[in-house]
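Participant: Okay, here's the structure, questions in a sec.
The values are calculated or read from the model by the stated rules, or taken from the named source; none is laboratory data. Quick caveat, the model's predicted, so the values are computed rather than measured. Every residue, glycine as well, gets a Cβ built from its backbone with ideal geometry; the counts of neighbours run over all protein chains shown.
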Amino acid sequence: MQILVTGASSGFGTAISQTLVQQGHTVYGIARRKEKLQQLKQQLGENFHPIYADLTQFDASTLPKQIDVLINNAGLALGLEPADQANLADWHTMINTNITAVVALTHAVLPLMVKQGIGTIINLGSTAGRYAYTGANVYGASKAFISQFSDNLRTDLAGKNIRVTTLAPGLCSGTEFSNVRFKGDNERAKAVYDDVDAITPQDIADTISWLIHLPQHVNVNYLEVMPTCQNSAGLSVTKKHIG
C-alpha cells in the first residue's frame with residue numbers, strides 16, 4: 001500500500017512510518033523539519049519518501065498520484081492555562097494545525113481515493129475530544145471536531161468503499177507533545193509521565209497497522225486507547241464558598 005503520514009518527523013508519526021515501512025508498505029512522510037525527515041529516510045531507505053512542508057501552507061500538487069491510506073497524525077497542544085488566561089495566538093495555531101490543515105489535506109486526497117474506488121483515512125483524535133479537562137479548551141475542541149469530521153466523512157462517502165476511523169489516544173509518553181505544550185519546559189513535560197505506565201508511540205503504530213490490515217469491509221468508526229492507569233475520573237461539582 002501507498003500510505004501518507006503527516007507529522008512524520010517525531011512521536012506517533014515516526015513510529016507509524018517505521019512500522020509500516022518494515023511491513024513492506026511505501027510511506028510518504030510529511031513534516032516541516034527537514035533534518036528529522038532526512039534521518040528517517042536514511043534509516044528506512046527507498047520505501048520512505050519525505051515531503052518537506054508546513055501543513056498550514058501545504059501545496060497539494062506535491063502529493064503522490066496514488067494514496068491508499070491517509071493518516072492525519074500531525075497536531076499539537078499549546079499551553080494549559082484556563083480559557084480566560086489563554087494566549088489567543090496559541091488558539092489560532094491549534095485551529096490551523098489540528099483542524100484547517102487536516103481538512104485541506106483530506107479534501108486534496110479524497111478525489112484520488114474515490115477515483116481508485118478504495119481507501120482508508122485514519123484521523124488522530126484524542127481522549128481530550130471526549131473528556132474535558134482544565135486547560136484543554138481549544139485543543140479538546142479541535143479533537144472533538146476531528147471525531148465529528150470523521151463521522152460526517154463516512155456518511156458522505158457511503159457506497160464508495162472508503163473507510164474512515166478516528167483513533168483517540170490517551171496519555172502517551174515518548175513524544176514531543178508535552179514539550180511543545182509547555183513551550184520547551186522539559187522538566188514540566190517530564191513530570192507529566194513520571195511514575196506512570198503510559199502508552200507509547202509504538203502502541204499507536206501497532207494499532208494503526210491493525211486497522212489498515214483489517215478486511216476492507218470492516219470499518220472501525222472510533223477507537224479510544226488509554227493506558228490502564230488512566231480513566232475519565234467522572235464529573236466534578238464546585239461547591240459555593242461558605243463563610
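Participant: Part of a helix (DSSP H, G or I), under 19 Å from the mean Cα position of the chain (by Cα), under 19 Å from LEU70 (Cβ atoms) and not β-branched (Val, Ile, Thr): is that true of ALA168 in this structure? Write out each step before concluding.
Facilitator: Working: part of a helix (DSSP H, G or I): no; under 19 Å from the mean Cα position of the chain (by Cα): yes; under 19 Å from LEU70 (Cβ atoms): yes; not β-branched (Val, Ile, Thr): yes.
So ALA168 does not fit the description; no.
Participant: Now, a different point. When only residues in region 141-165 that are hydroxyl-bearing (Ser, Thr, Tyr) and either in contact with a strand residue (DSSP E or B) (Cβ under 9 Å, 6 or more places away or on another chain) or assigned to a loop (DSSP other than H, G, I, E, B) (or both) count, which is nearest to ALA77 (Cα to Cα)? Steps first, answer last, please.
Facilitator: First, the residues of region 141-165 that are hydroxyl-bearing (Ser, Thr, Tyr): 142, 147, 150, 155, 165.
Filter again for either in contact with a strand residue (DSSP E or B) (Cβ under 9 Å, 6 or more places away or on another chain) or assigned to a loop (DSSP other than H, G, I, E, B) (or both), leaving 147, 150, 165.
Details: SER147: 17, SER150: 20, THR165: 21 Å.
Of everything passing the filter in region 141-165, SER147 is nearest to ALA77 (Cα to Cα).
Participant: Restricting attention to region 111-127, which residues are touching a residue at least 24 places away in the same chain (Cβ under 8 Å) and surrounded by fewer than 22 Cβ atoms within 10 Å (Cβ to Cβ)? Don't jump to the end; show me each part of the working.
Facilitator: Of region 111-127, the ones touching a residue at least 24 places away in the same chain (Cβ under 8 Å) are 112-114, 116-127.
Hits for region 111-127 are LEU112, VAL114, GLN116, GLY117, ILE118, THR127.
Participant: Next question, about the same structure. Between GLY13, GLY29, GLY45, GLY75, which is among the small types (Gly, Ala, Ser) and over 27 Å from ALA141 (Cα atoms)? Please lay out each step first, then the result.
Facilitator: Details: GLY13 fails: over 27 Å from ALA141 (Cα atoms); GLY29 fails: over 27 Å from ALA141 (Cα atoms); GLY75 fails: over 27 Å from ALA141 (Cα atoms).
Just one listed residue meets the conditions, GLY45.
Participant: Within region 219-241, does at least one residue satisfy the condition of being charged (D, E, K, R), part of a loop (DSSP other than H, G, I, E, B) and touching a residue at least 60 places away in the same chain (Cβ under 8 Å)?
Facilitator: In the first step, residues of region 219-241 are kept if they are charged (D, E, K, R); the result is 224, 239-240.
Filter once more, so that each one left must be part of a loop (DSSP other than H, G, I, E, B): 239-240.
Then drop every residue that is not touching a residue at least 60 places away in the same chain (Cβ under 8 Å), which leaves none.
No, region 219-241 has no match at all.
Participant: Which of the residues belonging to region 128-172 are of a type in the set (D, E, K, R) and touching a residue at least 12 places away in the same chain (Cβ under 8 Å)? Talk me through it step by step, then tell me what you get.
Facilitator: The first filter runs over region 128-172 and keeps only residues of a type in the set (D, E, K, R), leaving 130, 143, 151, 154, 156, 160, 163.
Residues satisfying the conditions are ARG130, LYS143, ASP151, ARG154, LYS160, ARG163.
Participant: Further question on the same structure: Quick one: would you say THR100 is within 30 Å of ARG188 (Cβ to Cβ) and surrounded by fewer than 18 Cβ atoms within 10 Å (Cβ to Cβ)? Reasoning before the result, please.
Facilitator: Working: within 30 Å of ARG188 (Cβ to Cβ): yes; surrounded by fewer than 18 Cβ atoms within 10 Å (Cβ to Cβ): yes.
When the stated conditions are applied, THR100 passes them.
Participant: Oh, and also: I need the full set of residues from region 48-91 which are polar (S, T, N, Q), within 25 Å of LEU214 (Cβ to Cβ) and surrounded by fewer than 17 Cβ atoms within 10 Å (Cβ to Cβ), in order please. Explain how you work it out, then say what you get.
Facilitator: Here is the first cut: in region 48-91, the residues polar (S, T, N, Q) are 56-57, 61-62, 66, 72-73, 85, 87.
Now drop any that are not within 25 Å of LEU214 (Cβ to Cβ), which leaves 66, 72-73.
Of everything in region 48-91, just one residue is polar (S, T, N, Q), within 25 Å of LEU214 (Cβ to Cβ) and surrounded by fewer than 17 Cβ atoms within 10 Å (Cβ to Cβ), namely GLN66.
Participant: Condition test on THR228, is it surrounded by 15 or more Cβ atoms within 10 Å (Cβ to Cβ) and out of contact with any helix residue (DSSP H, G or I) (no Cβ under 9 Å at 6 or more places or on another chain)?
Facilitator: No, not satisfied.
Participant: Restricting region 196-224 to residues that are within 18 Å of ARG163 (Cβ to Cβ) and either β-branched (Val, Ile, Thr) or at pLDDT below 95 (or both), which is surrounded by the most Cβ atoms within 10 Å (Cβ to Cβ)?
Facilitator: ILE208
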